[in-house]
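Notes to accompany the following structure.
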Amino acid sequence: MSTWQERGKSPPSSPTSSSSLKPSVYDDSTLHGSLPVKTKLTMGIGESVQACYTVICGFFLNAYLLEVACLSPNYVGTIQLIQGLFDAFNDPFIGTMSDRTRTRWGRRRPWLLFAAAPLGGCYFGIWNTLEDGVSEGVKFGFYLCMYMGISIGITCIQVQIGALVPELTLDYDERTSLSVYRLGIGNLIALVAVMIHSAIVTSFHDEGEIDKGYQLSGAIFGSWICIAAWTTFWNIEEKFDPDLEEKDEQLSTLDGLKIVFQNKAFLIVVGIYLCGPTAVVLVQTNILLYCKYILGNEDLVDYIIGIVQGMALIVLPLWNFVGQKYGKKMSYYIGGSILCVSLASLYFVEEENTALIVSCFIGSCLGIPYMIPYSMLPDVIEEDELKTGKRREGVYFGFFTIFLKLSVTIALSFTNFALSAAGYEKPTSTCGVGLTEEEMEAAAALPDTQPDGVISVMRFMVGPCPALFFILAIFMVWLFPITRESHQENAEVIKRERNRRSIQLESKKAAELGKMVLAKSNGVDDDVMVDIDNNQL
């Protein structure tokens, strides 16, 4: 009787015949092919979380805090400054934690699941006004808390959406296509959202209850934020394999900061991204006040938003074609130049029709300052992988998101401090505290006005200032070192390296199983083998 029969055990499968030892090489076929349309649509829904926040708050939040919540410009600017500095700490921290996350759902998806509800709650909270008579200090504390809650939530969601791009595909053109889908679907949803928001606010404004309109809109889109994040969680399959990553020591946030700031290509992409959205946010932040106090028609902002966002969606496929045929850099040269000239002209615009025509040109290129940097960043991450053997999407996208938020912080804070210095006055139609009901009705019947200095600041913020930022962005694009050819070379090297790691991993598994078989054939129990392995470790 054999040794195995004596012990009442079945002999183990031969290592050479075990399916678990079947040779396998890193399978990257799905990473080089076309992504399913469902995946691209899902990423677009995920992108809509930030898109809805960026579009609605970009156009309305600053004016809401000034003219509905009735905070002074200095308080509003200070809130935005504190929140922006706070972002500088939470973004890289969350990015690093995302890279280190290991769960049965993956490392990105759990953040989408658990961050959605708190973000939706804070988004709803910021659109609630406090009772009359509440001090500005209390208002300051309340809106600061809501703003910082939104900041953390957006970071938790957007870092994951961005970090999933290089994990879903290695193909140069497919990444551009994915970026187009992300921005296209995200902005389409945001366009619908901002039009609904505007309709709600306008209907309540006509009834003299504009604060309730903002509150209702906050509840609707706070709920959508949760739905969009959870939809992405359920429908995205992560492709990251931690076994194929080099097992070096984990990086601290400070080490991650050193790595990203030693990457020249990353710094250039950050510069491009810093300039573009800063210019856009300057226009977004001031366009409502620009329409109200310079063009004399506050309702015109609804048409401008519709034209700009609508044109951005219509033309986005064209920019995808230009990017794939002529490259990312040429796309930015063309789109950035059109934006520069169009924005500069707003300083001189006096007529409503002229403003609408200029809006068409701005909208036709609005996707460029977002689409191109987002499609460049995965190329930068792969260049880092070639040097370090690690994929640090979370770290890079964490710092990348910092600069988006810092650009918003700089734009908003500078705007409000400049308005305060120029002598901004709270409108009596909505902030006439202490007036009788008859005086309020009389004030509402007259158009609100601002001093000439404030008018000049508003003109500068929507015209020459953002145009200068796009000139700088175009120069940074010219400096970007990664081309289509160099990217393809990098992709081939990465493919070979991942195959090497996969073969090493399979060899290691085969050796371990061989040791187990040999030990059992010599009468060594499993528990003893575990102890031996642990001692060897």
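The values are calculated or read from the model by the stated rules, or taken from the named source; none is laboratory data. None of the values given here were measured: they were computed from a predicted structure. Neighbour counts are summed over all protein chains in view; Cβ atoms, including those assigned to glycine, are modelled from backbone coordinates with ideal geometry. In case anyone asks, the SASA skips ligands and DNA or RNA and just uses the protein heavy atoms, side chains included. Shrake-Rupley method; radii C 1.70, N 1.55, O 1.52, S 1.80 Å.
Worth a mention:
- Karplus-derived 3J(HN,Hα), 6.51/-1.76/1.60, for each residue of segment 341-349, Hz, glycine and proline x: 5, 5, 5, 4, 5, 5, 4, 9, 6
- Ranked by solvent-accessible area (1.4 Å probe, protein heavy atoms only, all chains present), the residues 512, 382, 209, 237 order from largest to smallest as 237, 512, 209, 382.
- Between residue 472 and residue 517, the modelled labels are 6.5 nm apart [label points 7 Å from Cα along Cα→Cβ].
- For residue 185, net neighbour charge (Lys/Arg +1, Asp/Glu -1) across residues whose Cβ lies under 15 Å away: +2
- Accessible surface area normalised per residue over segment 294-374 is 42 Å², counting heavy atoms of protein chains with a 1.4 Å rolling probe.
- Rounded to the nearest 10 square angstrom, residue 111 shows an accessible area of 50 square angstrom against a 1.4 Å probe.
- In this structure segment 31-93 gives 29 Å² per residue of accessible area when probed at 1.4 Å with all protein chains present.
- Charge tally around residue 204: other residues with Cβ under 11 Å, Lys/Arg +1 each, Asp/Glu -1 each, net -3.
- Taking a ≥ b ≥ c as the square roots of the eigenvalues of the Cα gyration tensor, segment 76-152 is oblate, since a/c reaches 1.5 or more and a/b is not larger than b/c.
- Whole-Hz ³J(HN,Hα) from phi, Karplus 6.51 cos²θ - 1.76 cosθ + 1.60, for segment 55-69, glycine and proline x: 6, 5, 6, x, 7, 10, 5, 4, 5, 4, 5, 6, 10, 10, 6
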